[in-house]
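Colleague: The following block contains the structure, expressed as structure tokens.
The values are calculated or read from the model by the stated rules, or taken from the named source; none is laboratory data. Note that the structure is predicted; figures quoted are calculated from it, not measured. No Cβ is skipped: glycine too gets one built from the backbone with ideal geometry, and neighbour counts run over all protein chains shown. Keep in mind that these areas ignore ligands, DNA and RNA; they rest on the heavy atoms of the full protein, side chains included. Shrake-Rupley method; radii C 1.70, N 1.55, O 1.52, S 1.80 Å.
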Amino acid sequence: MDTSSTDPVHGAEAERWGGWSWREASRGEHYRTCSYCGCIHPDDLAAETDWRAEWADRKYGYPHKFYVTLANRRPEQRFITGATTGTPTGLVGTTWIRADEVPDDVNTDGWRDLAGTYEWVSIGTRPTHHAKFYTVHLADPALGHEARDRIQSVSGLRLRFEDGRVWWEPYA
């Protein structure tokens, strides 16, 4: 993968789209995400105590992404778990309410205008959050050594980004 450009993380592609930045936590998640790729912030991932990397395929020729499951720090928080414009059918065990009657304590982040777009919504809790981590964020010069080392040790791979190339080896 060629990572050469003035942006060592997302390269020229992100620059063409105005760059990238870290978004504050939203949608009931407790971690920041990249505005370009949606990746969990490396510092936030490194601070988690119980996760393991579930590697994605190597469609770019190197281990470019893994997924993690993180405990929800507010498991009692209710979220919208589904929505439909027509009469909901076929989902056994799911309770639906009218979109214009969603209680105030339900997190609706990430859903467009509920009452204007959807007719019915389902509500539930999430014991966990699912996040993704793009390894190219390890190339960020602003990332501290401790966070980089923790992510590499837990994920099981040490990655190096130099001169537009990626090298990796088992973490030892």
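Colleague: Just wondering, is there one or more residues in region 68-78 that are of a type in the set (A, V, I, L, M, F, W, C) and within 19 Å of Tyr171 (Cα to Cα)?
Modeller: Among the residues of region 68-78, at least one is of a type in the set (A, V, I, L, M, F, W, C) and within 19 Å of Tyr171 (Cα to Cα), which makes the answer yes.
Colleague: Next question. Could you tell me which residue of region 92-109 is farthest from Gly124 (Cα to Cα), considering only residues that are touching a strand residue (DSSP E or B) at 6+ places or on another chain (Cβ under 9 Å) and assigned to a loop (DSSP other than H, G, I, E, B)?
Modeller: Filtering region 92-109 for residues that are touching a strand residue (DSSP E or B) at 6+ places or on another chain (Cβ under 9 Å) and assigned to a loop (DSSP other than H, G, I, E, B), the one farthest from Gly124 (Cα to Cα) comes out as Asp109.
Colleague: Something else: Is it fair to say Thr135 is closer than 30 Å to Pro8 by Cβ, touching a residue at least 60 places away in the same chain (Cβ under 8 Å), of a type in the set (S, T, N, Q) and touching a Pro at 6+ places or on another chain (Cβ under 7 Å)?
Modeller: So Thr135 passes the test.
Colleague: Now a separate question. Say whether the condition of being open to solvent by 50 Å² or more (accessible area, probe 1.4 Å), closer than 27 Å to Tyr171 by Cα, of a type in the set (A, V, I, L, M, F, W, C) and touching a strand residue (DSSP E or B) at 6+ places or on another chain (Cβ under 6 Å) is met by at least one residue in region 33-56.
Modeller: Scanning region 33-56, I find at least one residue that is open to solvent by 50 Å² or more (accessible area, probe 1.4 Å), closer than 27 Å to Tyr171 by Cα, of a type in the set (A, V, I, L, M, F, W, C) and touching a strand residue (DSSP E or B) at 6+ places or on another chain (Cβ under 6 Å), so the answer is yes.
Colleague: Could you tell me how many of the residues in region 100-145 are of a type in the set (Gly, Ala, Ser), open to solvent by 50 Å² or more (accessible area, probe 1.4 Å) and more than 16 Å from the chain's Cα centre (by Cα)?
Modeller: 3
Colleague: Answer yes or no: is there a residue in region 84-98 that is buried (at least 16 other Cβ atoms within 10 Å of the Cβ) and under 20 Å from the mean Cα position of the chain (by Cα).
Modeller: no
Colleague: Kindly indicate the residue of region 19-32 that is more than 13 Å from His129 (Cβ to Cβ) and open to solvent by less than 70 Å² (accessible area, probe 1.4 Å) and also modelled with the highest pLDDT among those meeting that condition.
Modeller: Per the stated criteria, the residue is Trp22.
Colleague: Turning to a different aspect of this structure: Just give me the residues in region 56-84 being modelled with pLDDT under 95 and among the aromatic types (Phe, Trp, Tyr), in sequence order.
Modeller: Tyr60, Tyr62, Phe79, listed by residue number.
Colleague: May I ask you to verify whether Thr89 is over 24 Å from Thr49 (Cα atoms), touching a strand residue (DSSP E or B) at 6+ places or on another chain (Cβ under 7 Å), of a type in the set (Val, Ile, Thr) and outside any strand (DSSP E or B)?
Modeller: It is false that Thr89 is over 24 Å from Thr49 (Cα atoms), touching a strand residue (DSSP E or B) at 6+ places or on another chain (Cβ under 7 Å), of a type in the set (Val, Ile, Thr) and outside any strand (DSSP E or B).
Colleague: Restricting to region 14-54, name every residue that is touching a His at 6+ places or on another chain (Cβ under 7 Å) and over 25 Å from Ser153 (Cα atoms).
Modeller: Within region 14-54, Trp20, Tyr36 qualify.
Colleague: In this structure, is Lys59 under 22 Å from the mean Cα position of the chain (by Cα), at negative phi and open to solvent by less than 90 Å² (accessible area, probe 1.4 Å)?
Modeller: Spelling it out, it is not the case that Lys59 is under 22 Å from the mean Cα position of the chain (by Cα), at negative phi and open to solvent by less than 90 Å² (accessible area, probe 1.4 Å).
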